[in-house]
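Peer 1: Below is the structure I would like to discuss, written out as structure tokens.
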Amino acid sequence: MADIFKKHTLDNGLTIIAEIMPEAHTAAAGFFVRTGARDEDAALMGVSHFLEHMMFKGTKDIAADELNQCFDRIGARNNAYTSSELTCFFAQVLPEYLEDGLDTLSRMMRPALRQDDFDTEKNVILEEIAMYNDNPFWVLYEATMEKHYQEHPLAHRVLGTNQTVSDLTRDQMQQYFDNRYAADNTVVVLAGRLDFDKAVQQVSKLCSTWQTTGVDRAFPSIQHEPCALKMQRKTVNRGYLLMLAPGPALQDDARYAMMLLMQVLGGSDNSRLHWKLIETGLAEEAMAGYEAHDGSGDCYVYASGEPSQLGEFQKVIEQELRELVDSIREDDLIKLRSKLATAVTIESEKPNDCMQRMGRLWTYTGEYRSLADELKQINAVSVADLHKVSERFPLSTWTVGTLEPE
């Protein structure tokens with residue numbers, strides 16, 4: 001039986017969408033808020049991620065431990081995450097517990113934000129920042145993104161900095177929450193075996209009083225210029241290289257061609273970089289990919305290994321980039337399409353994965369695309385399309401970041 005898409009919008013602008021999967025054995029629900037690090041003032045950097053933590057500290061009438069027990073009682077797999085562009089709170093449950101899961105998620109979306117919880121959790125966030133500062137890739141990634149995006153808010157660090165998190169006040173967080181966690185900036189996403197009409201009635205009862213703010217997202221212009229960033233640290237003993245270049249936005253259908261192009265270059269196995277850098281023993285890690293953003297996109301190449309070989313890594317990568325498009329044949333695309341189709345199809349059988357895919361796409365575009373639509377777009381990509389996307393995004397304007405021992 002084919003999956004069924006449903007949509008309903010409450011009077012306050014809260015949208016509820018669902019992919020009903022009658023044969024599924026589970027159900028998943030997620031609240032997607034269109035807010036993340038790029039929507040923060042620079043002085044409040046990290047507030048979105050900090051707020052995600054605070055959502056688990058309870059509401060005015062539900063204590064934090066009781067909130068956790070509500071999820072435990074129904075055997076839910078629940079969690080949350082914050083990115084540059086959205087924040088998501090979700091739960092996976094057996095279908096008979098979806099009503100309870102939705103009830104708990106809906107209630108936790110209106111947290112108490114108590115001052116004592118805020119003060120305690122601030123130390124947890126600062127410890128998390130310190131932990132990531134011990135991760136060489138993360139250190140290089142944040143610094144290279146800042147160099148790549150300059151003054152654009154996509155340069156903002158999701159965790160924030162020691163300074164911005166230390167300076168943040170509970171009242172500033174409340175103001176941010178009141179503005180951006182609005183009904184018209186949130187979408188409830190459901191997938192699996194479920195009764196959509198019943199779910200709409202329940203969400204309406206729980207969320208109809210949520211305020212509408214008309215909040216929007218800024219899209220400042222982006223000017224990328226070739227640039228380099230060289231970092232050294234006593235605490236690292238390997239060399240790390242990260243390269244970033246402009247790519248299509250998530251709203252651009254050329255993203256499918258760019259995704260395939262970067263997979264040929266540096267997918268998980270049997271890619272050009274795998275054979276030239278890893279199989280030759282030159283590098284320990286080598287990969288390439290494409291990440292779509294709201295209104296922009298990034299192509300990236302990453303490699304690590306012996307510090308003295310960083311220059312050689314870059315030479316090999318640049319040579320592969322020059323030859324990439326002209327070297328691809330239809331047979332390369334056939335193999336890659338089959339591999340991606342298998343991966344996407346396997347993912348589609350899991351309600352939580354479907355919910356996540358649908359939620360992210362809707363949050364960015366306000367559109368629904370079925371799995372069949374996605375596969376059709378992937379299978380339609382031709383060698384000519386790869387040439388077209390490479391002409392629009394020539395993979396020549398790179399921000400190159402390196403990290404090596406002092």
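The values are calculated or read from the model by the stated rules, or taken from the named source; none is laboratory data. These numbers were taken from a predicted model, which means no experiment stands behind them. Don't worry about glycine lacking a Cβ; one is built from the backbone with ideal geometry, like all the others, and counts go over all protein chains shown.
Peer 1: Would you point out which residue out of GLN232, GLN223 is out of contact with any helix residue (DSSP H, G or I) (no Cβ under 7 Å at 6 or more places or on another chain) and at pLDDT below 95?
Peer 2: After ruling out the rest, the residue left standing is GLN223.
Peer 1: Within the range 52-69, how many residues are in contact with a Leu (Cβ under 8 Å, 6 or more places away or on another chain) and among the aliphatic types (A, V, I, L, M)?
Peer 2: The total comes to 1.
Peer 1: For the range 159-175, which residues satisfy the criterion of being crowded, with 20+ Cβ neighbours inside 10 Å and closer than 30 Å to GLU225 by Cα?
Peer 2: LEU159, GLY160, THR164, listed by residue number.
Peer 1: Moving on. Let me confirm something: among ASP178, ASP116, ASP134, which residue is surrounded by fewer than 18 Cβ atoms within 10 Å (Cβ to Cβ), part of a loop (DSSP other than H, G, I, E, B) and of a type outside the set (A, V, I, L, M, F, W, C)?
Peer 2: ASP134
Peer 1: For the range 191-198, indicate whether the set of residues that are surrounded by 21 or more Cβ atoms within 10 Å (Cβ to Cβ), under 27 Å from GLY297 (Cα atoms) and either not acidic (Asp, Glu) or not assigned by TED's automatic domain parsing to the domain that holds PRO246 (or both) is non-empty.
Peer 2: The answer is no; no qualifying residue exists.
Peer 1: Working carefully through the options GLU66, GLU19, find the one that is among the acidic types (Asp, Glu) and touching a residue at least 40 places away in the same chain (Cβ under 8 Å).
Peer 2: GLU19
Peer 1: Further question on the same structure: GLN263: farther than 30 Å from GLY305 by Cα and either touching a Cys at 6+ places or on another chain (Cβ under 6 Å) or not charged (D, E, K, R) (or both), yes or no?
Peer 2: In short, no.
Peer 1: When the range 255-285 is examined, which residues are found to be in a loop (DSSP other than H, G, I, E, B) and crowded, with 18+ Cβ neighbours inside 10 Å?
Peer 2: GLY267, SER271, ALA283
Peer 1: Within the range 230-237, can one find any residue that is crowded, with 17+ Cβ neighbours inside 10 Å, more than 26 Å from the chain's Cα centre (by Cα), part of a loop (DSSP other than H, G, I, E, B) and assigned by TED's automatic domain parsing to the domain that holds LYS315?
Peer 2: Yes.
Peer 1: Ok, one more. So which residues in the range 73-113 are of a type in the set (A, V, I, L, M) and in a helix (DSSP H, G or I), if there are any at all?
Peer 2: LEU98, LEU102, LEU105, MET108
Peer 1: Right, another one. Look through LYS122, LYS147 and report the one residue that is assigned to a helix (DSSP H, G or I), under 30 Å from THR397 (Cβ atoms) and of a type in the set (Lys, Arg).
Peer 2: None of the other options fit; the residue is LYS147.
Peer 1: Note down all Cβ pairs under 7 Å where the first residue falls in the range 364-381 and is not assigned by TED's automatic domain parsing to the domain that holds ALA18, the second is loosely packed, with under 15 Cβ neighbours inside 10 Å and in a loop (DSSP other than H, G, I, E, B), and they're at least six residues apart or on different chains.
Peer 2: GLN377/ASP253
Peer 1: Right, here's the next one. If a residue has to be β-branched (Val, Ile, Thr), farther than 30 Å from PRO22 by Cα and crowded, with 21+ Cβ neighbours inside 10 Å to count, how many in the range 58-97 make the cut?
Peer 2: Result for the range 58-97: 1.
Peer 1: State yes or no: is ALA303 surrounded by 14 or more Cβ atoms within 10 Å (Cβ to Cβ) and either of a type in the set (Phe, Trp, Tyr) or part of a loop (DSSP other than H, G, I, E, B) (or both)?
Peer 2: no
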